[in-house]
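In what follows, a single structure is set out as structure tokens and then discussed.
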Amino acid sequence: MMKCVTILGSTGSIGRQSLDIIHHLSLKVGALTAGSNVERMAQQCRDFQPELAVMATEEAALQLKEMIKDLPVRVSWGEEGLMEAATLESTDCVITAVVGMLGLKPTLAAIRAGKRIGLANKETLVCAGELVMAEAEKYGAEIIPVDSEHSAIFQCLMGVGNKKEVRRLILTCSGGPFFGMTQEQLKSVTKADALKHPNWKMGAKITIDCATLMNKGLEVIEAMRLYKLLLEQVDVLIHRQSIVHSMVETVDGAVMAQLGTPDMRLPIQLSLTYPERTDCPVEKLDLTKCGALTFVEPDMEAFPCLKLARDCAKLGGNACAVMNGANEAAVALYLEDKIGFYDIYTLVKGAVDAVPYIHKPNLEEILESDRLAREYVMTHC
Ligand code: NDP
Ligand code: MG
């Protein structure tokens, strides 16, 4: 079991649930980082006494410093602070719970420092999965997925001796708030509707990604990178109940699944206790009460982002980084009420077509592709 944990993005949905688990397991906290939520960070510093607390800006850091001047917590800010948090000597596991491409550099830094990564920040693997996985191998850093589907697969794979025996993964998908709607109906959905996820309470960006099904597209790519599989080996099924978190089919036709109530604290805890399992404060699954479990194919016409993500996965190179950067920019615009629901897809597709393709991008080229994708969205919205 890990002893001292750092959380990048501690004030967010995954960050707060990670602190619940850290409290439950009586672990130490190395560093906590956040964007602008100074009040919540100050409270977390009081509750968990980290060695280091990092805010996005100097202004927020100065405010925090003032609020916790009675505590022995060092305060820092910006990318430098984030990098220091990711590599802190005392920490053995870093939970990456920041949202977006912002997580890439600190995740790479934590890997190079040999930390275990509890990976929630899927955008990192989408943009630079091959690079991240190669560095993890080189530095012997374990990457344990926190995303519920990938944790489910991780758990199913514990029962498979040889990776060559895997035929395919089946990622389950709740279908989001707009399941069953046609393209025509989707033209008039509001932001408030999109923010109502049926089964999970999450940050705003991923909640919109769930509504467009881009989240499942990102997860297909995340799964390919984590488990080094081909696109054809990663299927998606809509499973409205979010009880089966994902499945692995082996070459003999056996299908293994991991089931549980929808609660991120189980995969978070496993990322810290693995290879052990211990009691977890989540509601236990009662199969007699969860009703029928259903599975259907996703509608890729009404939800073209999933198809686009699969196309980008097929293209490889910098295509996924371009798609991800454009999606982050478009979702931010949607959350500011500046564009409509389908504009997200149109802008992301436009960026993928416009930004020049690079076959084997290095880190600088990935960052530049991300920048160009965002620029495309801002100039075409
Ligand atoms: P939230 O939006 O709830 O939290 C994001 C965190 O990142 C907050 O701590 C926020 O700080 C911080 N942050 C935002 N902007 C910056 C910035 N510019 N600089 C530094 N820190 C910043 O997101 P979630 O917790 O929902 O998601 C986090 C990641 O986990 C995402 O990649 C998501 O896809 C993934 N994930 C989430 C799941 C969930 O259930 N929520 C499930 C599976 C994966 P502040 O609030 O202080 O601004
Ligand atoms: Mg998920």
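Take segment 104-131 and flag every residue that is under 22 Å from Asn324 (Cα atoms) and surrounded by fewer than 23 Cβ atoms within 10 Å (Cβ to Cβ).
Passing the criteria: Lys105, Leu108, Ala109, Gly129, Glu130, Leu131.
List the number of the failed condition for Asp70; all other conditions in (1) under 26 Å from Met202 (Cβ atoms); (2) more than 21 Å from the chain's Cα centre (by Cα) hold.
With (1) under 26 Å from Met202 (Cβ atoms); (2) more than 21 Å from the chain's Cα centre (by Cα) applied to Asp70, the lone miss is (1).
I'd like the residue in segment 28-51 that is touching a residue at least 40 places away in the same chain (Cβ under 8 Å) and aliphatic (A, V, I, L, M) and, out of all such residues, is farthest from ligand 2 (Cβ to nearest atom).
Ala31
Restricting to segment 345-364, name every residue that is of a type in the set (D, E, K, R) and loosely packed, with under 15 Cβ neighbours inside 10 Å.
Asp353, Lys360, Glu364
Looking at segment 314-327, which of its residues are crowded, with 22+ Cβ neighbours inside 10 Å and in a helix (DSSP H, G or I)?
Within segment 314-327, Ala319, Cys320, Ala321, Val322, Met323, Asn324, Gly325, Ala326, Asn327 meet the criteria.
Only one residue in Val236, Val244 is modelled with pLDDT of 95 or more and farther than 30 Å from Ile339 by Cβ, so which one is that?
Of Val236, Val244, the one residue that is modelled with pLDDT of 95 or more and farther than 30 Å from Ile339 by Cβ is Val244.
Being surrounded by 21 or more Cβ atoms within 10 Å (Cβ to Cβ) and part of a helix (DSSP H, G or I) is the requirement here; does Ile95 meet it?
When the stated conditions are applied, Ile95 does not pass them.
With (1) surrounded by fewer than 22 Cβ atoms within 10 Å (Cβ to Cβ); (2) among the aliphatic types (A, V, I, L, M); (3) within 22 Å of Pro145 (Cα to Cα) as the list, and Val236 as the residue in question, which single condition is left unmet?
(1)
Considering only segment 219-256, how many residues are more than 20 Å from Phe295 (Cα to Cα) and assigned to a helix (DSSP H, G or I)?
Result for segment 219-256: 7.
Give the residues of segment 60-91 that are within 10 Å of Ala31 (Cβ to Cβ), part of a strand (DSSP E or B) and touching a helix residue (DSSP H, G or I) at 6+ places or on another chain (Cβ under 8 Å), sorted by residue number.
Ser76
Which one of Leu8, Leu25 is under 22 Å from Trp200 (Cα atoms), modelled with pLDDT of 95 or more and more than 16 Å from ligand 2 (Cβ to nearest atom)?
On inspection, the qualifying residue turns out to be Leu8.
Given Tyr334, Tyr342, which one is in contact (Cβ under 8 Å) with a residue 60 or more places away in the chain and either hydrophobic (A, V, I, L, M, F, W, C) or buried (at least 18 other Cβ atoms within 10 Å of the Cβ) (or both)?
Tyr334
Among the residues of segment 185-218, which ones are part of a helix (DSSP H, G or I), more than 12 Å from ligand 2 (Cβ to nearest atom) and charged (D, E, K, R)?
Lys191, Asp193, Lys205
Output the residues belonging to segment 133-184 that are of a type in the set (D, E, K, R), surrounded by fewer than 23 Cβ atoms within 10 Å (Cβ to Cβ) and assigned to a loop (DSSP other than H, G, I, E, B).
Answer for segment 133-184, where residues must be of a type in the set (D, E, K, R), surrounded by fewer than 23 Cβ atoms within 10 Å (Cβ to Cβ) and assigned to a loop (DSSP other than H, G, I, E, B): just Glu142.
Hey, could you check segment 136-171 for residues that are within 16 Å of ligand 2 (Cβ to nearest atom) and among the hydroxyl-bearing types (Ser, Thr, Tyr) and say which is nearest to Ile243 (Cα to Cα)?
Checking each candidate, the answer is Ser148.
Six or more apart or on different chains, Cβ atoms under 7 Å: show the pairs whose first residue is in segment 161-174 and under 19 Å from Trp200 (Cβ atoms) and whose second is surrounded by 15 or more Cβ atoms within 10 Å (Cβ to Cβ) and among the β-branched types (Val, Ile, Thr).
Final answer for the pair search is Leu171/Val220; Leu171/Val234; Leu171/Val236; Thr172/Val244; Cys173/Val236; Cys173/Ile238.
Is segment 229-238 home to any residue that is in contact with a strand residue (DSSP E or B) (Cβ under 7 Å, 6 or more places away or on another chain), within 24 Å of Gln17 (Cβ to Cβ) and within 15 Å of ligand 2 (Cβ to nearest atom)?
no
Step by step: first the residues of segment 112-135, then only those that are within 14 Å of Ala85 (Cβ to Cβ) and among the hydrophobic types (A, V, I, L, M, F, W, C), then the one that is farthest from ligand 2 (Cβ to nearest atom). Which residue is that?
Applying the filter and picking the extreme gives Ala113.
Consider Val98 carefully, then state whether it is of a type in the set (A, V, I, L, M) and within 16 Å of ligand 1 (Cβ to nearest atom).
Yes; evaluated as a whole, the condition is true for this residue.
The values are calculated or read from the model by the stated rules, or taken from the named source; none is laboratory data. Quantities reported herein were computed from a predicted structural model and do not represent experimental measurements. Cβ atoms come from the backbone with ideal geometry, glycine included; neighbour counts cover every protein chain shown.
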